[in-house]
Amino acid sequence: MKKKRARRKFSAKRDNLPPETRRLAEEKIEENLFSLKGFTDAENYFVYLGVGGEVPTANIISRLLNLGKNIYVPKISGEDMLAVRAGAKMKNNRFGIPEPEGTEEAARIDVCITPLVAADSSLNRIGRGKGYYDRFFAAHPCVKIGICYAAQVYKKTFDTEAGDVPLDFLVTEKGTEKRVENV
């Protein structure tokens, strides 16, 4: 499936989930994420701030902070996405996504919780189409965990491009999948 078509199809599926279904799924996604073996062993977490129909991450961030973890969130700078320490002062960027006003960047990221519009059976992700996360992943080796509703998972594979970086794990309300690399 082509990316443009997948964005339309899976955005609609996500956005049409009933509120109660969404709420129950979000609780289960969080539970499955924190049950992932070794998830809370890392120190530096890069976590997106959910907007629109994305799985919200406020509870995830709060739980990680309560465990004493360092939390960084995305901040757009030109064509790059920076991992900046989460702070109290936030403002919306040109895409309407909140980002910190601070500038303290992470020296290292251990785990990235990434948003997505859709994921496929090989854990390829389709985002909003600007390539920020793929460029970030190429420059920052880390464990890449996508979280989404099960309705956003495509049972086949998407058409991918050279710069696309697959996820290491995908977490939905139905469980967790780990990418299996061909040997």
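Computed from the coordinates by the stated procedures, all read-outs in this text should not be read as laboratory data. From a predicted model like this one, the values you see are computed outputs, not experimental measurements. FYI the Cβ positions are ideal-geometry reconstructions off the backbone, even for glycines, and counts take in every protein chain you see.
Annotations for the structure displayed:
- Inside the stretch 60-70, residues that are surrounded by 14 or more Cβ atoms within 10 Å (Cβ to Cβ) and within 27 Å of LEU17 (Cβ to Cβ) make up a count of 4.
- The stretch 160-183, subset exposed (fewer than 13 other Cβ atoms within 10 Å of the Cβ) and touching a helix residue (DSSP H, G or I) at 6+ places or on another chain (Cβ under 7 Å), residue farthest from ILE113 (Cα to Cα): GLY163
- Residue satisfying all of: in the stretch 71-81; surrounded by fewer than 19 Cβ atoms within 10 Å (Cβ to Cβ) and under 18 Å from the mean Cα position of the chain (by Cα); nearest to ILE29 (Cα to Cα) among these: ILE76
- Options VAL180, VAL171, VAL117, VAL111; residue that is β-branched (Val, Ile, Thr) and more than 16 Å from the chain's Cα centre (by Cα): VAL180
- Hits in the stretch 144-171 (condition: more than 20 Å from ILE60 (Cβ to Cβ), of a type outside the set (S, T, N, Q) and either out of contact with any Lys or Arg (no Cβ under 9 Å at 6 or more places or on another chain) or part of a loop (DSSP other than H, G, I, E, B) (or both)): LYS155, LYS156, PHE158, ASP159, GLU161, ALA162, GLY163, ASP164, VAL165, PRO166
- Test: residue in the stretch 6-23 that is exposed (fewer than 13 other Cβ atoms within 10 Å of the Cβ) and under 16 Å from the mean Cα position of the chain (by Cα): no
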